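This report refers to the structure that appears directly beneath it.
The values are calculated or read from the model by the stated rules, or taken from the named source; none is laboratory data. From a predicted model like this one, the values you see are computed outputs, not experimental measurements. We place every Cβ from the backbone using ideal geometry, glycine too, and count neighbours over all the protein chains shown. Accessible surface areas use protein heavy atoms only, side chains included; no ligands, DNA or RNA. Shrake-Rupley method; radii C 1.70, N 1.55, O 1.52, S 1.80 Å.
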Amino acid sequence: TFMIYLKIRKRGFKMIIDIHAHIGIVKGKFNMPPEFQLEGMKKYNIDYALISNIACGYGNYELEGNIEAVKTARENKDKLGVMLWCAPSETADIKAFEKLYTDNRDIIKGLKIHPDISGIRADSEAFYPYLSLAEKYSLPVLFHTQDTDFSKVRYVLNASEKFPDVKMILGHMSLASDYSEALEAVKNHKNIYADTAWVKSDIIERAKNSCAEDKIMFGTDSPIGGPDTYADPEYYPEYYKKTGTEAEKVMYKNAIRLFGLEL
């Protein structure tokens with residue numbers, strides 16, 4: 001089955017870019033060493049991925065965890081870029097955070113905000129220093145979205161009104177939803193984008209019908225389910241079978257444009 005997908009993928013797409021991938025080990029919660037992500041990319045022929053370190057969201061580990069992500073990406077610079085994880089806290093050092101970015105502009109492509117892990121609403125002023133940096137350096141920001149107390153799509157829209165020049169990506173298009181709210185937001189707000197992490201592949205056709213196909217990008221949450229996350233039978237293999245202009249946009253062209261990638 002894998003070989004069939006691989007042949008289809010090679011025939012159908014020039015490349016595949018995953019904008020929503022991870023590293024990070026959090027005892028009892030997550031086990032995502034860099035090797036898992038790299039193994040999955042090699043096995044399923046993913047050309048490039050943007051990683052964030054989920055460990056940054058736990059135990060005042062923001063700076064150290066982001067440094068770790070940068071180191072991992074630099075060792076695999078043809079395969080990986082970084083989304084710096086934003087974890088507001090009393091010990092967070094926004095100046096050191098900014099310096100990490102300015103010292104590594106070639107490898108850092110954007111920011112990642114996970115309101116649920118932070119326990120802070122997406123539209124909270126606690127995230128403003130990070131969004132100000134995103135505005136200053138024209139960095140896209142990937143938000144975890146879900147119908148929870150912290151991660152609702154409308155909270156990201158509130159934040160987007162405060163920072164209208166910041167491109168904000170609705171990760172998961174509101175996890176475990178029918179994606180309609182997120183799709184509507186992408187269609188109606190010029191600075192709102194989305195990814196396909198745990199989103200069914202029919203979203204490509206729905207995006208085309210709603211004129212949003214230029215603003216949705218392939219993302220997977222890999223390797224949250226291990227190195228074979230890319231083969232989850234309910235989701236990602238169906239993307240590899242797609243053909244046509246809209247699919248090409250979702251699988252790599254939109255990401256290249258939004259993040260200014262040179263691959």
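D228 passes every criterion in (1) assigned to a helix (DSSP H, G or I); (2) under 29 Å from E135 (Cβ atoms) apart from (2). Across region 56-69, the number of residues qualifying as touching a helix residue (DSSP H, G or I) at 6+ places or on another chain (Cβ under 7 Å) and open to solvent by less than 10 Å² (accessible area, probe 1.4 Å) comes to 3. Among the residues of region 204-263, those that are under 19 Å from M168 (Cβ atoms), without any contact (Cβ under 8 Å) to a residue 60 or more places away in the chain and hydrophobic (A, V, I, L, M, F, W, C) comprise A207, C211, A212, I216, V250. Of all residues in region 46-69, those that are among the acidic types (D, E) have Cβ atoms under 6 Å from Cβ atoms of residues that are open to solvent by 10 Å² or more (accessible area, probe 1.4 Å), 6 or more apart or on another chain, in D47/M15; E62/A87; E62/A92.
If A194 satisfies every condition in (1) aliphatic (A, V, I, L, M); (2) modelled with pLDDT under 95; (3) in contact with a Lys or Arg (Cβ under 7 Å, 6 or more places away or on another chain) but one, which is the exception? It is condition (2) that A194 fails. Counting only residues that are part of a loop (DSSP other than H, G, I, E, B) and within 24 Å of K162 (Cβ to Cβ), which one in region 188-210 is least open to solvent (accessible area, probe 1.4 Å)? Ranking the qualifying residues of region 188-210, first place goes to N191.
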